[in-house]
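First comes the structure, then the notes that go with it.
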Amino acid sequence: MKILIIGSGAREHAIIKRLAQDSQVYCVMPKKNPGIVKLCKKIFLADIENPLAVTDAIKGETFDLAFASPDAVLAAGVSDALIHEGIKVASPTKAAARIEWDKSHMRKLTEKYSIKGRIKFRLVKTEKEARETIEEFGEVAIKPLGLTGGKGVKVSGDHFQRIEEGMEYVHSLLQKDKIALIEEKVEGEEFSLMCFSDGKTIAPMPPVQDHKRAFLADTGPNTGGMGSYSTGAILPFLEQSDIDEAHEILQRTIDAMANEGTPFKGVLYGQFMATKKGIRIIEFNARFADPESMNVLALLEGSLSQILMSIAEGKLIKAKFSNDATVVKYLVPNGYPDKPLKDQEVKIDEAAAKKQGAEIYFASVYEKDNKTYLGGSRTFGILGRGKTLDEAERIAEEGCGFGKGPIWHRKDIGTKKLVQKRIDHMRRIRS
Ligand code: AMP
Ligand code: GLY
């Protein structure tokens, strides 16, 4: 198969690595990602958030299948443009991806269809409404409606303490967007559960836990995700009933979107919170999670090319996964997330990392004169895989040692101590 991918981060590197096992891969990217270039038959450089630029870049070429990957690319309508070119597409249209790029749409949909896991929310347009809502809800999460790369949410108790601080954030959102979303704060342990969907049925992937906070022991600002781990069909702090509930929520959401006339084809990614009273929906995303995609794609048994084709053709095939444990740690630039260094040279010894069992995925980096430079966001995703979490963590940690330059990582991701903290937290929540 000739498959076209739009996107160029570590997530797309992981997708392309799988596809390249049995397909010829082509990729449209804004700057040369040296890890991805090596795996592709051909690359096209273009502004991937501009649908016209994308279709211009691939003019004269034919493909059996295309997959647009990052959130902003889907929100810009790149899948629609590719469909318009007569290509079979396995990623969601702009209307279907709205589940991610418009948080008010997502909350209203879960309300309209009484989808389990929905939470209390209010859209506010004035500071008065905001203050009344915060007073009524107590602890809240304050969010802009659009895409923020995981960095736009402020939660009481976590990111601010007093109402006034929350109101300052509301004030800045109202100035910018004239509207803000306030949700009740839900407490529990978060996990990511993705599924493939052809618009009708779902093929779930194993659950993964991401780490949003920048620093050790979950402190510091929110990031796009510092690393993630998986332990097979279930995470250590979850029960089978949690997984079943999350699957049901994903299926009900797919049904709702079909009913709305915006069927969802692609990867639907639920960010869930396991709480005392069951699973709650934090967010839906219309794409593979990053870094969690690296965990699950390493475990996928069978052909990703075939699965994506089955999505595009509306005849989803089942996806099977190994039960191994995986750990991903992201090497990120000094200063990340607030003031990340850019345009400095970085190196990674892929051969040495591979020899010791780690896989390296190139994220926000670009190639110039045969050297690799920081692109200004997360740098390299380092994956370890093993029969146990300990083994996977050790491999990922050792793999991080092969990166050189002004970069750092969170050493505690996937460690026994941190995972035990999650288990204890969940136990306290449930009792
Ligand atoms: P999001 O960008 O929606 O993924 O939110 C970023 C992070 O904020 C999530 O991973 C959660 O940890 C937290 N968060 C978002 N919404 C809520 C909520 N309603 N209650 C508690 N925490 C939340
Ligand atoms: N894992 C965070 C995200 O992909 O949004």
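The values are calculated or read from the model by the stated rules, or taken from the named source; none is laboratory data. This is a predicted model, so every value here is computed, not measured. Backbone-built Cβ (ideal geometry, glycine too); neighbour counts: all protein chains shown. Ligands, DNA and RNA are excluded from the accessible area calculation, which covers all protein heavy atoms including side chains. Shrake-Rupley method; radii C 1.70, N 1.55, O 1.52, S 1.80 Å.
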Inset, instruction - Give me the distance in nm between label points sitting 7 Å out from Cα along the Cα-to-Cβ direction at Lys178 and Leu123, one decimal. - result: 1.2
Legend entry - Pairwise label distance in nanometres, Gln344 with Glu248, each label 7 Å out on the Cα-Cβ vector: 5.1
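Could you please report the charge total around Ser364, scoring K, R as +1 and D, E as -1 over all other residues with beta-carbon less than 10 angstrom from its beta-carbon? Write down the numbers at each step before the final one.
Details: positive: Lys31, Lys342, Arg378; negative: none.
With Lys, Arg at +1 and Asp, Glu at -1, the net is +3.
Could you calculate the contour length gain from Met167 to Ser114, that is, 0.36 nm times the residue separation minus the distance between their Cα atoms, to one decimal place in nm? If you can, show how the numbers build up before the last one.
Details: separation 53, 0.36 × 53 = 19.08 nm, distance 3.00 nm.
Between Met167 and Ser114, full extension yields an extra 16.1 nm.
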Inset, instruction - Count charges around Glu393 for me, please; just the other residues with Cβ under 13 Å from its Cβ, Lys/Arg as +1, Asp/Glu as -1. - result: +2
Inset, instruction - Of the DSSP beta bridges with both residues in the chain, give the percent that are antiparallel, rounding to the nearest 5. - result: 80
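Report the relative contact order of the chain, percent, no decimals, based on alpha-carbon pairs under 8 angstrom and at least 6 residues apart.
Working: 1040 pairs, mean separation 71.4, N = 431.
RCO, the chain: 17 percent.
Can you give the Kirkwood hydrodynamic radius of the chain from its Cα pairs, in Å with one decimal? Write out the running numbers ahead of the final one.
Working: mean 1/r = 0.0457 Å⁻¹.
Over the chain, the inverse of the mean reciprocal pair distance is 21.9 Å.
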Inset, instruction - Quick one: P(r) of the stretch 293-431 from all Cα-Cα pairs, 10 Å bins, percents rounded to integers, in order of increasing distance. - result: 12, 31, 30, 22, 5, 0
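If R0 is 56 Å, what FRET efficiency do you get for Asp47 and Gln240 from their C-beta distance, rounded to 0.05? Could you put the intermediate results ahead of the total?
Numbers: r = 45 Å, r/R0 = 0.80.
Efficiency, rounded to the nearest 0.05: 0.80.
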Legend entry - DSSP-defined beta bridges in the stretch 56-194 - what % are antiparallel, rounded to 5: 85
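About the Cα centre, and with charges only on the beta carbon of Lys, Arg (+1) and Asp, Glu (-1), how big is the dipole of the stretch 40-172? Nearest 20 debye, please.
Numbers: 21 positive and 21 negative charges, 88 e Å.
Using Cβ point charges on Lys, Arg, Asp and Glu, the stretch 40-172 gives about 420 debye.
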Inset, instruction - Using label points projected 7 Å from each Cα along Cα→Cβ, tell me how many nm separate Arg430 and Lys151, to one decimal. - result: 3.6
Legend entry - Whole-number accessible area per residue in Å² for the chain, which is evaluated in the context of all protein chains at 1.4 Å: 40
Legend entry - Length gained when the stretch Val37-Lys417 is fully extended (0.36 nm per residue, less Cα-Cα span): 133.0 nm
Legend entry - Point-charge dipole on Cβ atoms (K/R +1, D/E -1) for the chain, about Cα centre, debye to 20: 320
Inset, instruction - Take the stretch 1-122, drop everything but the C-alpha atoms, weight them equally and run the Debye formula without solvent; then report log10 I(q)/I(0) at 0.13, 0.22 Å⁻¹ to two decimals. - result: -0.54, -1.16
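Roughly how many percent of the accessible protein surface of the chain is carbon and sulfur, given a 1.4 Å probe and a whole-percent answer?
Working: 8660 of 17430 Å².
Carbon and sulfur: 50 percent of the exposed surface of the chain.
Which value results for Rg/Rh of the stretch 274-313 when Rg is the Cα radius of gyration and Rh the Kirkwood radius based on the inverse mean 1/r? Kindly include the intermediate steps, with their values, before the conclusion.
Details: Rg = 14.1 Å, Rh = 12.7 Å.
Dividing the radius of gyration by the Kirkwood radius yields 1.11.
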